[in-house]
Amino acid sequence: MLYVLLVFSPLLGAVIAGLFGRLIGDRASQLVTCGLMGVSALASIVALVGLGEEPFKVPLFTWMAVEGFIAEWSLRIDALSVVMMFVVSCISFLIHVYSIGYMAHDASIPRFFAYLSFFTFAMLMLVTSDNLLQLYFGWEGVGVASYLLIGFWYTRPSACAAAIKAFIVNRVGDFGLALGIAATWFVFDSIQYDVIFANTAKLADTELLVFGASFDTLTLIGILLFIGAMGKSAQLGLHTWLPDAMEGPTPVSALIHAATMVTAGVFLVARFSPLYEFAPTALALVTFIGASTALFAATVGLVQNDIKRVIAYSTCSQLGYMFAAAGVGAYAAGIFHLYTHAFFKALLFLGAGSVIHAMSDEQDMRKMGGLWRKLPITYAVMWIGSLALVGFPGTAGFFSKDAIIEAAWVSPNALSGYAFWLLLLAAVLTAFYSGRLMFLTFHGDSRASREVREHVHESPPVMTVPLLILAAGAVLAGWFGLVMIAPEGEFWGGAIFTAPINTVLEEIETVPAIVKYAPLGALILGLGLAWLFYVAVPGLPDRIVAALRPVHTFLTHKWYFDELYDALFVRPAVSLGRTLWRGFDLGVIDRFGPDGVATVTLASARRAIRLQTGYVYHYAFAMLIGLVVLLSWYLFILRG
């Protein structure tokens, strides 16, 4: 009953607010959704505290039974799903409460809270799935919810475009996931996790024939599943939707980037660790994409001026860390970082929302400055979140981020060295753009207009209390979660599988001191440069930009991925669609279909009108001709 309550409470809140929101009103919709979300969060805490070593299932009903194919709808309860439920429910609850203040003046409050609760339910269904079909249901559910939330302000063309972009880019990844599920069914004759995981070792080194070519079975399935993960988790190549998702309200950004959707891909790879452990080539690809994404997003984050976009690229980069961890065999470290990241990333987004709220919806950091005096709580908690992000000793990010970098150093993965150096460089850049955000936003002289400056004020308690709770999590979550990366792996109880030869977590305890302190050095270097550029010598950035104009332009255009995709896919698709529309739809279907029928009907009617002369002898003559025709037909055809 506990787990049913945990998973389905948000759905009940979504149904009540979505269907009856206008009837019960804004305040009741807020109270119902927040209250039921609070029930889910409380249940997740109870579940985490009472977590046992043996996984079990909570059967709900038989979803599908077709000629031997049976899909049960069950909740899979183990350490991995409980940790994910805790993160999703607790972060979502705090975001729900924060939204009461942030969305107080919106005209569609019940609809917003219904979407938030449905988003949470879909993610909970995903992480508690016991088979691939159930996972796909939750997977597509979060995709639909993200579309609705990103385009929540649908009167804005930019929000509609961002929602469509997110939906389409994710369809690319989801197609890979669908192929992976189909391949899994074909190979294992089952979509149940237990059956798949029990038989992966038997299929190691086997090959699958596809269109006349042979592929390693587990490698092919692992890569197809990872393509799905790349789309949801915005990895390099399928990342272009993530920054545009900032068009949604700030609580939506926090929910997408901290607890739901983008973490789904990391969860998928960790859940399928029994398969990936026997697919080293697929793991090498995961490592390469993860490390490359971490560096790419960090470089783009350096030049962003929108406060939310800086944090968005930070999310993209940190997801790269999580995938790199999974790729080098440290799945537990990746999930540990997912868990810690949820607290400080939600804190940063909601803190940014507090700044935007105070600045009359201004998001450009170049128009801020000097806010720390008027926003003392927001200022303090955002420093805590930023320090956790860069891995300051003692904060949550310090434990998980350092573990990933050290795992990349000791891993036997063919690309572990590549991952180590890119992750270390990304750590320097992360510290730099985090310091840049804080110094531009809160320090120095105010660059806002006089009218905006006069209205700057701290957010109400309904917004600041969730910030304070998240700030506590950004400090303490790492200490409580250290058990997740214990070398013995007892915490996971088999929920995350590592082969006997995978000793990465044991070996990170023996890394050289220079490796252990390298992330701290990266932090000091990055924050020090940010202080130099934006506090000590504030004119220095402009001079460097002028000297490195091509590099700055390249980064400002986000490595030209959008322009490249526009040239390769969008424009040809639009051109093809326009050609088919004009040549086929209008020229053939409409011409000979609806338009053609209408034209013939109109012409026939006009001819028929001409027969209506008004003279009786014309009608008598027509009747006579008709009578002759009928008699002729009777005499010569029927009787002949």
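The values are calculated or read from the model by the stated rules, or taken from the named source; none is laboratory data. Nothing here was measured: the structure is a model prediction, and the numbers come from that model. Virtual Cβ from ideal backbone geometry, glycine too; neighbours counted across all protein chains shown. Heads up: the accessible areas ignore ligands, DNA and RNA and are worked out on the full protein's heavy atoms, side chains in. Shrake-Rupley method; radii C 1.70, N 1.55, O 1.52, S 1.80 Å.
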* Asked: How far is helix 331-358 tilted off the main Cα axis of the chain, in degrees rounded to 10, range 0 to 90?
  -> 80
* Principal-axis tilt of helix 109-127 within the chain, Cα atoms, nearest 10 degrees -> 70
* **J(HN,Hα) series, the range 300-311, from Karplus relation 6.51 cos²θ - 1.76 cosθ + 1.60, nearest Hz, glycine and proline x** => 6, x, 4, 10, 6, 10, 6, 4, 6, 5, 4, 5
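Accessible area per residue for the range 119-187 in Å², computed with a 1.4 Å probe and the full protein assembly in place, what is it?
Values: 2330 Å² over 69 residues.
Accessible area per residue: 34 Å².
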* To do: For the range 139-170 and the range 75-126, compute the distance between their C-alpha centroids and round to whole Å.
  => 17
* To do: Provide the FRET efficiency to the nearest 0.05 for the Ser632-Ala608 pair, computing r from the beta carbons and using R0 = 30 Å.
  => 0.80
* Cut-off under 5 Å, modelled amide H: who pairs with Leu75 long-range -> Val58, Leu60
* Structure fact -> Of the residues Ile227, Tyr154, Leu283, the Cα lying farthest along the dipole of the chain towards its positive end, which is defined by charges on the beta carbon of Lys, Arg, Asp and Glu, belongs to Tyr154
* Structure fact -> With every protein chain in place, the accessible area of Arg447 for a 1.4 Å probe, in Å² rounded to the nearest 10, comes to 100
* For His443, list long-range residues whose amide hydrogen, built 1.01 Å from N in the peptide plane, is under 5 Å from its own amide hydrogen. => Gly370, Leu371
* To do: Could you compute the FRET efficiency for Ser449 and Arg582, with r as their C-beta to C-beta distance and R0 at 56 Å, rounded to 0.05?
  => 0.70
* **Alpha-carbon centroids, the range 47-67 and the range 218-242: separation in whole Å** => 27
* Measure nothing but the geometry: give the 0 to 90° angle between the long axis through the Cα atoms of 79-102 and the longest principal axis through the Cα atoms of the chain, rounded to 10°. => 80
* Longest exposed-site-free window of the chain, the sites being GluC sites (Glu not before Pro) in a DSSP loop that have at most 14 other C-beta atoms within 10 Å -> 68-487
* Asked: Which of the lysines could a cross-linker bridge to Lys345, judged by Cα under 26 Å and excluding same-chain residues fewer than eight apart?
  -> Lys165, Lys232, Lys308, Lys367, Lys374, Lys401, Lys516, Lys558
* Asked: What does the accessible area of Trp581 come to, in Å² to the nearest 10, when a probe of 1.4 Å is used?
  -> 120
* **Estimated FRET transfer efficiency when R0 is 45 angstrom, pair Leu568-Asp189 (beta carbons, to 0.05)** => 0.70
* Divide by every residue of the chain the summed helix terms, -39500 (n - 2.57) for each DSSP H run of at least 4, and state the resulting mean residue ellipticity at 222 nm, rounded to the nearest 500 deg cm²/dmol. => -22500 deg cm²/dmol
* Have a look at Leu51, Leu23, Thr33 and report the one farthest towards the positive end of the charge dipole of the range 10-77, computed about the Cα centre with Cβ charges (Lys/Arg +1, Asp/Glu -1). => Leu23
* Asked: Which net charge results when you count Lys and Arg as +1 and Asp and Glu as -1 among the other residues whose beta-carbon is under 13 Å from that of Ser575?
  -> +2
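Can you pull the percent of the range 348-440's accessible area that's carbon plus sulfur, 1.4 Å probe, other chains left in place? Write down the numbers at each step before the final one.
On the way: 1900 of 2810 Å².
About 68 percent, which is the carbon plus sulfur part of the accessible surface.
Report the full-extension gain for the segment Phe561 to Glu54: residue separation times 0.36 nm, less the Cα-Cα distance, to one decimal in nm. Write out the running numbers ahead of the final one.
Working: separation 507, 0.36 × 507 = 182.52 nm, distance 4.57 nm.
Going from the current span to full extension adds 178.0 nm.
Once you keep just the Cα pairs under 8 angstrom separated by 6 or more residues, what percentage relative contact order results for the chain? Numbers along the way, then the final one.
Working: 1037 pairs, mean separation 78.9, N = 640.
It comes to 12 percent, rounded to a whole number.
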* Seen from all sides and averaged, what is the projected area of the convex hull of the Cα atoms in the chain, in nm²? -> 42.7
* **Placed amide H near Glu207: partners under 5 Å, 5+ positions off or other chain** => Thr217
* Linear extension gain, Arg543 paired with Asp364, 0.36 nm per residue minus alpha-carbon span -> 62.4 nm
* Short version: ³J(HN,Hα) in whole Hz for each residue of the range 398-403, in order, from phi by Karplus 6.51 cos²θ - 1.76 cosθ + 1.60 (θ = phi - 60°), x for Gly and Pro, what are they? -> 4, 6, 7, 5, 5, 4
* **Val515, Val428, reordered so the largest accessible area comes first (probe 1.4 Å)** => Val428, Val515
* **Rounded Å value of the spacing that divides the Cα centres of the range 285-351 and the range 441-497** => 15
* Asked: What are the aspartates and glutamates whose alpha-carbon lies under 17 Å from the alpha-carbon of Lys202, with same-chain residues fewer than 8 places away excluded?
  -> Asp189, Asp194, Asp216, Glu277
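At 1.4 Å probe radius, can you tell me the per residue accessible area of the range 1-95 in Å²? Show your work: numbers first, answer last.
Details: 4530 Å² over 95 residues.
Counting only protein heavy atoms, the per-residue value for the range 1-95 is 48 Å².
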* Asked: Extension gain His552-Val210, at 0.36 nm per residue separation less the Cα-Cα distance, in nm?
  -> 118.7 nm
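What's the magnitude of the charge dipole for the chain around its Cα centre, counting Lys and Arg as +1 and Asp and Glu as -1 at the beta-carbon? Answer in Debye, nearest 20. Display every interim value, and only then the final one.
Details: 35 positive and 40 negative charges, 513 e Å.
The dipole of the chain has a size of about 2460 debye.
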* Asked: Each residue of the range 158-173 in turn: what ³J(HN,Hα) in whole Hz from Karplus with 6.51, -1.76, 1.60 and θ = phi - 60°, glycine and Pro shown as x?
  -> 5, 5, 5, 5, 5, 5, 5, 4, 4, 5, 5, 4, 5, 5, 5, x
